[in-house]
1. 222 nm [θ] for the chain, helices only, -39500 (n - 2.57) per DSSP H run of 4+, per residue, to 500?
2. Just to check I understand the Karplus step: with θ = phi - 60° and J = 6.51 cos²θ - 1.76 cosθ + 1.60, what whole-Hz values come out for the range 249-258, glycine and proline as x?
3. Translational diffusion coefficient, Stokes-Einstein: compute it for the range 274-422 using the Kirkwood radius over C-alpha pairs as Rh, at 10 °C and 1.306 mPa s, and state it as an integer in µm² s⁻¹.
4. So for the chain: antiparallel DSSP bridges make up what percent, rounded to the nearest 5?
5. Mind checking the per residue accessible area of the chain for me, 1.4 Å probe, whole number of Å²?
6. Place the peptides 271-280, 395-404 in order of packing, highest mean first, counting for every residue the other Cβ atoms within 10 Å and averaging per peptide.
7. Leaving ligands, DNA and RNA out of it, rank Met224, Met367, Met181 by accessible area with a 1.4 Å probe, largest first.
8. If I fit a long axis through the Cα atoms of helix 319-331 and take the longest principal axis of the Cα atoms of the chain, what angle between them do I get, 0 to 90°, rounded to 10?
Amino acid sequence: MAMTPYFPAHGDDRYGVSHYDLRLVYRVAANRLDGTARLTVSAAEPLGTLDLDFGRLRVAGVTVDGVPARYTHTRDKLRVTPPAPLREAVVEVRYSGKPVPVASPWGGLGWEELSDGALVAGQPIGAPSWFPCNDRPGDKASYRISVTTASPYQVIANGVLVDRRRGAGTTTWVYEQAEPMASYLASVQIGRYQISEQGGARLACPPRLAARVRHDFARQDQMMALFGELFGPYPFAGYTVVVADDDLDIPVEAQGMSIFGRNHVDGVRGCERLVAHELAHQWFGNSLTVACWSDIWLQEGFAAYAEWLWSEASGGPLAGDHAHRWWHRLTLLPQNFILADPGEQALFDDRVYKRGALTLHALRRAMGDEAFFAALRAWTAEHRHGTVTTREFAGHVQRYTPRPVGPLLSAWLHDKPLPHLV
Ligand SMILES: [Zn+2]
């Protein structure tokens with residue numbers, strides 16, 4: 001368990017946001033964003049000041065329940081002084097400027113200008129690059145995201161498209177995300193995309209890549225069926241895959257959405273394991289979100305294991321074959337890694353993914369398939385659209401097997417040496 005929270009400068013647990021209403025105007029060529037964010041805030045104890053995470057955009061004004069409020073904006077924090085101590089209020093922030101990604105060990109995060117459009121890749125701390133928020137993963141809220149931009153561009157955001165209005169040269173797209181969502185999973189994708197349906201999912205991609213994309217994602221409906229069977233019902237109203245017309249280091253998950261680079265589409269399904277990985281995050285990460293980043297294996301380990309499950313179900317190597325291969329590779333690395341507390345810098349270390357998947361495989365072997373998958377389905381049902389911790393997971397799975405799994409989990413999660421794979 002982490003002694004100090006990761007990213008202590010982000011988020012504030014003295015208050016929560018239940019709803020974000022974001023109205024954005026984006027000019028692609030100028031990379032200029034004008035926004036109004038309305039946050040429905042409630043605090044356990046009355047707050048004399050409210051600290052929001054907010055990056056480098058220029059704040060033009062703040063109101064609290066419609067009354068102008070004083071504020072200071074320094075070092076990525078927008079501190080609002082409400083006219084009276086705040087318990088429950090709607091806080092409105094007007095802002096504008098060129099979005100600047102949030103600096104991190106993994107490069108710039110958040111709103112990113114593309115060659116012809118924009119994308120948002122928020123994990124883990126990129127959300128303040130484009131809207132003021134309480135940027136901790138455990139504070140989940142519903143969202144309404146409205147984006148106005150030049151009409152040739154398509155806009156994809158989280159949730160359901162509820163309105164699309166054409167103005168003079170611009171179009172306004174309005175999306176509603178009813179299921180609670182962490183700030184890092186909020187996303188907007190803007191590009192000259194062609195949007196089509198395939199097997200119940202939406203595909204958005206540059207028109208010239210459409211044939212490749214349709215081929216590379218053709219088995220996604222089978223993955224959806226497999227994961228529905230193994231993990232429980234798909235947790236959101238829809239699923240959209242966006243293939244940007246730029247290269248991306250890695251695909252990115254957002255709620256109800258995954259974003260791939262054009263380099264992930266080769267027309268021969270060379271990245272199919274990543275298609276499975278990103279889809280699995282809808283259950284593990286997006287519906288069930290870690291309360292603390294130290295528990296990231298509950299997202300990445302599960303998504304990595306889903307890759308092996310897809311491989312096994314689709315005629316590729318069995319999950320056990322993948323497990324043995326990766327176990328041998330991990331034995332060659334320094335044994336200095338704690339899966340359930342990898343440290344901020346190692347949040348996306350390959351061992352979070354592979355040792356996380358191995359932990360699940362070891363648990364599956366110990367419990368047997370029937371109990372293991374029943375436990376997973378109950379896990380996603382009981383914590384649907386909520387937040388989760390490693391301790392809760394350990395307590396949960398124990399209810400599904402008479403065999404004590406505490407020592408096994410403890411060795412994989414909290415000890416440094418890689419346990420033997422039985
Ligand atoms: Zn992942």
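The values are calculated or read from the model by the stated rules, or taken from the named source; none is laboratory data. Source: prediction; values computed, not measured. Here the Cβ positions follow ideal geometry from the backbone for every residue, glycine too, while neighbour counts run over all protein chains shown. Accessible surface is based on the protein model in full, side chains and every heavy atom, while ligands, DNA and RNA are left aside. Shrake-Rupley method; radii C 1.70, N 1.55, O 1.52, S 1.80 Å.
1. Rounded to the nearest 500, the figure is -8000 deg cm²/dmol.
2. So the Karplus estimates, Gly and Pro as x, are 4, 9, x, 10, 9, 9, 6, x, 7, 9 Hz.
3. 104
4. Looking only at bridges with both residues in the chain, the antiparallel portion is about 80 percent.
5. On a per-residue basis, 40 Å².
6. Sorting 271-280, 395-404 by mean packing, highest first, produces 271-280, 395-404.
7. Ranking Met224, Met367, Met181 by accessible area, largest first, yields Met224, Met367, Met181.
8. Rounded to the nearest ten degrees, it is 80.
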